[in-house]
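Asker: Take a look at the following structure, please.
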Amino acid sequence: MKNICRISVIGLVFALVSCQSVNYNKMFYEDVQPEKVSDQFTFTEGPSSDQHGNVYFTDQPNDKIYYWDWKTNKVIEFLGKTGRANGTHFDKDGNLITCSDDQGEIWKISKDKKVEVILKGFEGKRFNGPNDVWNDASGGMYFTDPLYKRDYWINFKQEIAHKSLYYRTKDGKTIKMETFVQPNGIVGSEIFKKLYISDIDAGKTYVYDILGEGKLSERRLFCEMGSDGMTLDKHGNLYLTGKGVHIFNRHGKKLYHIPIEEEWTSNVTFGGENNDILFITASKSVYTLPTRVRGTR
């Protein structure tokens, strides 16, 4: 386990004040900084918390899934040969759903590591490369399908010209919802009935009202910032990533910026026993940050 990363209290407080935060102590402990748990990876992504608070994440270039055990603060390998998994999210039955873009697929991985390919394409055409996924309580899932051509793809030929948001119903029907420049991070909330999606190349994040199973309102601009990954807390604050972690309230006003001393901060989620530890994937490393708030699962 590594020591606390090199972010001074003064530097973090300055970042918060510069965003005109209302009260830092309401969300964070003033004397606690992000802690580097491990830096043994090539590029970390796709964190999601299971029902016990352990956080699963991917190291896509090395084709592995790991999990962080909050009880021991250790990182343990869960699975190799993951289809180059990127974004992940647990479904209502405790299966890990992965955006495995090596063959443009979405996988379901059970607790005992049994793999089922549940999606291969749309209307007979291969997906570009599913990137991120959010499962709703009804058993359906929203996922993004941008295009990031990987060095490890063999004989790839783009079959779907658009880059879009999709919904897969609990019965297995796939619906194209909307097209973007480059859709990426996605997260939703059953409590707030909202779905957020980043159009990272357009530099924007949008929000929808969830009206029913696979039914959304017209999209609205949430903020003028794209994001690789995202998560929500129980107050409706949205956490975006890129150069560190950027926190916005439910109205799209920026509250805080948490610097992370890595080239790129890819994603973020909540985990731990009380779902109040921010788990951050950033380039070759993963970090944790205890908070005073709890995330949504």
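Since every read-out is calculated from the coordinates, none of them should be taken as a lab result. Keep in mind that what you see is a predicted model, and the values were worked out from it rather than measured. Glycine also receives a Cβ, built like all others from the backbone with ideal geometry; neighbour counts cover every protein chain displayed.
Asker: For the chain, what relative contact order do you get, as a whole percent, if you take Cα pairs closer than 8 Å and at least 6 residues apart?
Answerer: Working: 822 pairs, mean separation 53.0, N = 297.
Contact order relative to length: 18 percent.
Asker: For a paramagnetic label modelled at 7 Å from the Cα of D39 toward its Cβ, which residues of the stretch 233-277 fall within the zone defined by backbone nitrogen distances under 12 Å?
Answerer: 261-263
Asker: Still on this structure, I have one more. Starting from the exponent 0.38 and prefactor 2.2 Å, build the expected Rg for the chain from its residue count and divide its actual Cα Rg by it. Display every interim value, and only then the final one.
Answerer: Values: Rg = 17.9 Å, N = 297, 2.2 N^0.38 = 19.1 Å.
With N residues counted in the chain, Rg over 2.2 N^0.38 Å equals 0.93.
Asker: Shifting gears a bit: Charges on Cβ only, +1 for Lys and Arg, -1 for Asp and Glu, centred on the Cα centroid of the chain; of H257, L221, L289, which one is farthest towards the dipole's positive end?
Answerer: It is L221.
Asker: Would you mind telling me the antiparallel percentage of the DSSP bridges in the stretch 214-285, rounded to 5? Kindly include the intermediate steps, with their values, before the conclusion.
Answerer: On the way: 19 of 19 bridges.
Expressed as a percentage, antiparallel bridges in the stretch 214-285 total about 100.
Asker: Say the dipole of the stretch 130-225 comes from +1 at the beta carbon of Lys and Arg and -1 at that of Asp and Glu; which of Y208, I160, S198 then lies farthest toward its positive end?
Answerer: I160
Asker: Cα-Cα over 29 Å: which of K71/K176; K176/K204; K71/K173; K120/K149; K92/K215?
Answerer: From K71/K176; K176/K204; K71/K173; K120/K149; K92/K215, over 29 Å: K71/K176; K71/K173.
Asker: Shape verdict for the stretch 79-152, please, from the Cα gyration tensor: rounded (a/c under 1.5), prolate (a/b greater than b/c) or oblate. Don't skip to the end; give the middle numbers.
Answerer: Numbers: a/c = 1.85, a/b = 1.30, b/c = 1.42.
Note, shape of the stretch 79-152 comes out oblate.
Asker: Sorted from fewest to most neighbouring beta carbons within 10 Å, what does the list S164, S110 look like?
Answerer: On the way: S164 19, S110 12.
Final ranking by Cβ density, sparse to dense: S110, S164.
Asker: State the extension gain, in nm to one decimal, for the chain segment bounded by R294 and I76, taking 0.36 nm per residue of separation less the distance between their alpha-carbons. It would help to have the intermediate numbers written out before the result.
Answerer: Values: separation 218, 0.36 × 218 = 78.48 nm, distance 2.40 nm.
Contour length minus the Cα-Cα distance gives 76.1 nm.
Asker: With +1 on each Lys and Arg Cβ and -1 on each Asp and Glu Cβ, and nothing else charged, work out how big the dipole of the chain is about its Cα centre, in Debye to the nearest 20.
Answerer: Numbers: 40 positive and 39 negative charges, 75 e Å.
The calculation lands at about 360 debye.
Asker: Sticking with this one: Which of the lysines could a cross-linker span from K74 if the Cα-Cα distance has to be under 17 Å and same-chain partners fewer than 8 positions apart are dropped?
Answerer: K2, K36, K64, K284
Asker: 7 Å from Cα along Cα→Cβ at both E190 and E263: what's the point-to-point distance in nm?
Answerer: About 3.9 nm, to one decimal.
Asker: Straight-line reach from K253: which aspartates and glutamates have a Cα under 16 Å away, not including same-chain ones fewer than 8 places off?
Answerer: Once the sequence-local aspartates and glutamates are set aside, what remains near K253 is E224, D233.
Asker: Along the charge dipole of the chain, Cβ charges K/R +1 and D/E -1, which of I65, W134, Y148 sits furthest on the positive end?
Answerer: W134
Asker: Here is a further query. Give me the number: length gained by fully extending S138 to K125, i.e. 0.36 nm times residue separation minus the C-alpha to C-alpha distance, one decimal in nm.
Answerer: On the way: separation 13, 0.36 × 13 = 4.68 nm, distance 2.64 nm.
Extra length available between S138 and K125 comes to 2.0 nm.
Asker: Right, next: Computed FRET efficiency, Cβ-Cβ of I175 and Y152, R0 45 Å: what is it to the nearest 0.05?
Answerer: The value I calculate is 0.95.
Asker: Can I ask one more? When you count, for each residue, the other Cβ atoms within 10 Å and take the mean per peptide, how do 80-86, 70-76, 95-101 rank with the highest first? Provide the component values of the computation, followed by the final result.
Answerer: Values: 80-86: 20.9, 70-76: 13.3, 95-101: 25.6.
Top to bottom by mean Cβ count within 10 Å: 95-101, 80-86, 70-76.
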